[in-house]
Amino acid sequence: MEREVPPSIEKILRGKKMQENKAGSSQELVQKYIMNFIKRIPVTFVKGQGLRLWDENGKEYLDFVGGWAADSLGHCHPALAQALSEQSMTLIHVSNAYYSLPAGQLAELLVKNSCFDKVFFANSGAEANEGAVKLARRYGGLKLNGAFEIISTINSFHGRTLAMVAATGQAKFQKPYLPLPEGFVNVDYNNIEAIKRATTSKTCAVLLEPIQGEGGVNIPDEDYLAKVRDWCDEKGILLMLDEIQTGMGRLGKLFGYEIFGIEPDVITLAKGVASGVAIGVILAKERFSVFSPGEHGTTFGGNPLACAAGYAVSKYLIENNIPGNAERMGQYLMLKLDALKKKYSFISDVRGRGLLIAVEFNRDIAEAAMYACLAKGLVINFLKPNLLRVIPPLIITETEVDTGIGILDEALSGLAL
Ligand SMILES: Cc1ncc(COP(=O)(O)O)c(C=O)c1O
C-alpha cells in the first residue's frame, strides 16, 4: 500500500501561518479558550494522510495512535474523503423523523455482516452505551419484572457520561462525580463467579468489553465470554458487549465477539466505524430491539453525513479485508515487540490481539518513552505510567511497522536507565 506525500503540505503551512498571525497560535488559542480537561502534548498537527501526520513546522510523524483507535483507515482516506465531499454537497442533516438513504445503507451493511438484526445510530461511544443500557432497562421493564441493574467490570471503560462513569469500574473516573446514577454493579473482570454472585432478580444485563482497552489491554481467558454467555442465557438476561474499541476489525475480525466464538445480544460501536468522523452504533438482535416510538432518540444520530462516512469506511474495511490486515500486522508487531522485550529487561510484558497491543514496563517510564518517540517522529499512546498502547490505523503496512519499531527501539535505548 504505497501512499503519496500530499502536495499541499507547504500550502497548508503557509495558510496556517497567515491565519495564526491574525488569531494567535493554535496552542495559545486552545489554552486560552478551551477548558483544561486534558493534559495536552505540545504538538499541533496540521495534516494527515494514511499513517502520516505533519505538525505546524512541517515535521513528519508516523501515527501509532490513530486518534485513540478511531482512525481505522488512517487519515483522510480517499474513500472517506470522497464520501464526505459528495454527501456534504447533497444532504447533511435532516431529523430522524424522515427517511434518508445513508442511514439505511450503513444499517444494512452492519446487519448483513454481523449476527444482529436492528441498529440505532448515536454520535459517540458513550452515547451508544447509554442507549444500550436504556434498551436493556426497557427489556427488563417489559420482560424481567422491572429488572434494571447492569453488571459491568472493574477496570472497564464505557465513556464519560454520568451513567457510563457508573458503569466504568475505575474509581478515578467516578470519585469526582459522586453521587452516580443507581443501577450499576462493578465486579472483577475475567471472573464468572463474580458475575454470578452479583446477579439478582434486579439484574437485566451484563456489559463487558471483549478485551479491556483503556483499562490496560486486559485479555480474558478464552472461555470467559462463553461462560458469561451461558450464564446470561440461564438467567434470561442480556449480554451486551462494548465493542467501541475492539470492533470494526481492530482485533483481526470485524467484531471481537467472533474471536471468542459467541453471539452477544447487543453490541455498541463507535471508534472505527467512520475512521474519525463522529458516530456511535447500537446493534441488537430482533428480540431485544424493544424501543417503541418516542422512547429513545437523538437529533444528530443517523444523519446522512456521518452515515455516508460510516458506510464508505465500513464497506472499504469489509471489501478489502482490513480486519485480516489487522490480524497479520498485529502478529508482525507482536514479533517485533517480543524482540524488543528480549533486548530491554525493563519491558515486563507485551500483550494484545490484532492491533490492540500493550507494552508494559517494570517501572514508570511510559511518558518518557512517549516523548522520546515523539521527538523522533513516532506518535504513540501512553496509557498508564508504566504502559504504552499500540493502536495504529488498521491499514498499517509491514514497512510502517518496521519504521515505528525502529523509532521505539531508538527511543528506549536512549532512556537513561
Ligand atoms: C470500550 C470503550 N467504550 C466507550 C468509550 C467511549 O467512547 P466515546 O469517547 O466516543 O464516548 C471508549 C473510548 O475510549 C471505549 O474505549
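The values are calculated or read from the model by the stated rules, or taken from the named source; none is laboratory data. Treat the numbers as computed from the prediction; the structure is a model and nothing was measured. With ideal geometry, Cβ positions are generated from the backbone for all residues, glycine too; neighbour counts draw on all protein chains shown. Note: areas computed on protein heavy atoms with side chains; ligands, DNA, RNA excluded. Shrake-Rupley method; radii C 1.70, N 1.55, O 1.52, S 1.80 Å.
Brief remarks follow.
- The condition (being assigned to a helix (DSSP H, G or I) and in contact with a strand residue (DSSP E or B) (Cβ under 9 Å, 6 or more places away or on another chain)) is satisfied by just one residue among 332, 257: 257.
- Scope the stretch 241-254; condition part of a loop (DSSP other than H, G, I, E, B) and near the ligand (Cβ under 8 Å from one of its atoms); matching residues: 243, 244, 245, 246
- Pairs are defined by a Cβ separation below 6 Å, a sequence spacing of at least 6 or placement on different chains, a first member in the stretch 336-356 that is closer than 19 Å to residue 383 by Cα, and a second member that is exposed (fewer than 15 other Cβ atoms within 10 Å of the Cβ) and among the acidic types (Asp, Glu); the pairs so defined are 350/338.
- The selection criterion, being among the charged types (D, E, K, R), in contact (Cβ under 8 Å) with a residue 60 or more places away in the chain, more than 16 Å from the ligand (Cβ to nearest atom) and open to solvent by 10 Å² or more (accessible area, probe 1.4 Å), holds for residue 138.
- In the stretch 156-179, the residues that are surrounded by fewer than 16 Cβ atoms within 10 Å (Cβ to Cβ) form Cβ pairs under 7 Å with partners that are hydroxyl-bearing (Ser, Thr, Tyr), at six or more places apart or across chains, as follows: 162/177.
- Highlighted here are the helices (runs of 4 or more DSSP H) found entirely within the stretch 42-135 that include at least 1 residues which are open to solvent by less than 40 Å² (accessible area, probe 1.4 Å), of a type in the set (A, V, I, L, M, F, W, C) and within 16 Å of the ligand (Cβ to nearest atom): 66-69.
- Among residues that are open to solvent by 10 Å² or more (accessible area, probe 1.4 Å) and not hydroxyl-bearing (Ser, Thr, Tyr), residue 358 is not included.
- Of the residues 274, 278, 308, the single one that is within 16 Å of the ligand (Cβ to nearest atom) and crowded, with 23+ Cβ neighbours inside 10 Å is 274.
- Criterion applied to 269, 238 was being in contact with a Leu (Cβ under 9 Å, 6 or more places away or on another chain), more than 16 Å from the ligand (Cβ to nearest atom) and in contact (Cβ under 8 Å) with a residue 60 or more places away in the chain, and the one residue passing it is 238.
- Among the residues of the stretch 391-407, some residue qualifies, meaning at least one is of a type in the set (D, E, K, R) and touching a Lys or Arg at 6+ places or on another chain (Cβ under 8 Å).
- The set of residues in the stretch 296-349 being under 25 Å from residue 77 (Cβ atoms) and among the β-branched types (Val, Ile, Thr) consists of 313, 318, 322.
- In the stretch 290-305, of all residues being touching a Leu at 6+ places or on another chain (Cβ under 8 Å) and open to solvent by 40 Å² or more (accessible area, probe 1.4 Å), the one that is farthest from the ligand (Cβ to nearest atom) corresponds to 291.
- Screening 351, 389, 328, 363 for residues that are under 19 Å from residue 214 (Cβ atoms), among the charged types (D, E, K, R) and open to solvent by 20 Å² or more (accessible area, probe 1.4 Å) leaves exactly one candidate, 351.
- Residues being farther than 28 Å from residue 327 by Cβ and assigned to a helix (DSSP H, G or I) - total across the stretch 375-417: 3
- Entry remark, the stretch 102-155: residues being closer than 20 Å to residue 201 by Cα and hydroxyl-bearing (Ser, Thr, Tyr) number 3 in total.
- Wholly within the stretch 142-235, helices (runs of 4 or more DSSP H) carrying at least 1 residues that are of a type in the set (Phe, Trp, Tyr) and more than 15 Å from the ligand (Cβ to nearest atom): 224-235
- Residue match in the stretch 347-356 (condition: touching a Ser or Thr at 6+ places or on another chain (Cβ under 6 Å) and either within 25 Å of residue 271 (Cβ to Cβ) or not in a loop (DSSP other than H, G, I, E, B) (or both)): no
- From the list 227, 202, the lone residue that is free of Cβ contacts under 8 Å to residues at least 60 places away in the same chain, out of contact with any helix residue (DSSP H, G or I) (no Cβ under 7 Å at 6 or more places or on another chain) and open to solvent by 20 Å² or more (accessible area, probe 1.4 Å) is 202.
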